Amino acid sequence: MQAKRKLTALLLSLCMLLGMLPMTAFAAGVPAAPTNLKLELTETGLKASWDKPETTGGLDIFEYEVTLYGHFDGTAGEKTKVETKTVQRETTCTFTNTGNAEGVINPTYEVEVRAREGVSGTGDPDNLSGYYVTEWTGWSSSSSASYKTYDFSVITSVNKDSI
């Protein structure tokens, strides 16, 4: 009976301790991968657009890491990282440097997008110029899309493993 009282006291103490911790520690998690990734060849370069993932309980300020790869042999073989950009709140990114070397025939481009969400920060979250995120979630899994220049087709997928 005494062991039962000690266990109850321990559990009650643990509950009280957890109640004192900030809720963001429990509300924040890695967001899902961005969805609906689309690629479009424009006059200025290759434009990627996507839909933001569902929020995970943080500040709903997303930061995206967008990476452009090139398959310069015209197949889905070896890919070369061309450029990585980071954008906040925007759900589009245009690459003007596609890395296509002169004389390369039929390159295929691949874009990967992953997201993370702001959990806490200082300032006004509605004014990015006056807001500083102090804690981010981890990066999500990536969504990827390939653009084949020779048939103008786009293939999209979601990578389940986080990077």
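Step by step: first the residues of the range 55-71, then only those that are among the polar types (S, T, N, Q) and modelled with pLDDT under 95, then the one that is farthest from Leu41 (Cα to Cα). Which residue is that? Among those residues, the one meeting the criterion is Thr56.
Check Ser146, Ser153 and return the single one that is at pLDDT below 90, loosely packed, with under 14 Cβ neighbours inside 10 Å and not basic (Lys, Arg). Steps first, answer last, please.
Values: Ser146 fails: loosely packed, with under 14 Cβ neighbours inside 10 Å.
Just a single option satisfies the conditions, and that option is Ser153.
Screening Val119 on (1) modelled with pLDDT under 85; (2) β-branched (Val, Ile, Thr); (3) farther than 18 Å from Leu41 by Cβ shows it passes everything except condition (1).
Residue under question is Ile163, and the condition is that it be within 16 Å of the chain's Cα centre (by Cα), of a type in the set (A, V, I, L, M, F, W, C), at pLDDT below 90 and exposed (fewer than 15 other Cβ atoms within 10 Å of the Cβ); does it hold? Before you say what the answer is, go through the steps one by one.
Values: within 16 Å of the chain's Cα centre (by Cα): yes; of a type in the set (A, V, I, L, M, F, W, C): yes; at pLDDT below 90: yes; exposed (fewer than 15 other Cβ atoms within 10 Å of the Cβ): yes.
Here the answer is yes, as Ile163 does meet what is asked.
Scanning the range 122-143 for residues that are surrounded by 13 or more Cβ atoms within 10 Å (Cβ to Cβ) and assigned to a loop (DSSP other than H, G, I, E, B), we see that the one that is modelled with the lowest pLDDT is Pro125. Any chance the range 77-100 includes a residue that's at pLDDT below 80 and among the aromatic types (Phe, Trp, Tyr)? Checking the range 77-100: not a single residue is at pLDDT below 80 and among the aromatic types (Phe, Trp, Tyr).
The values are calculated or read from the model by the stated rules, or taken from the named source; none is laboratory data. Please read these numbers as outputs of a predicted model, since none were measured by experiment. Please note: Cβ atoms are built from the backbone with ideal geometry, for glycine as well, and neighbour counts cover all protein chains shown.
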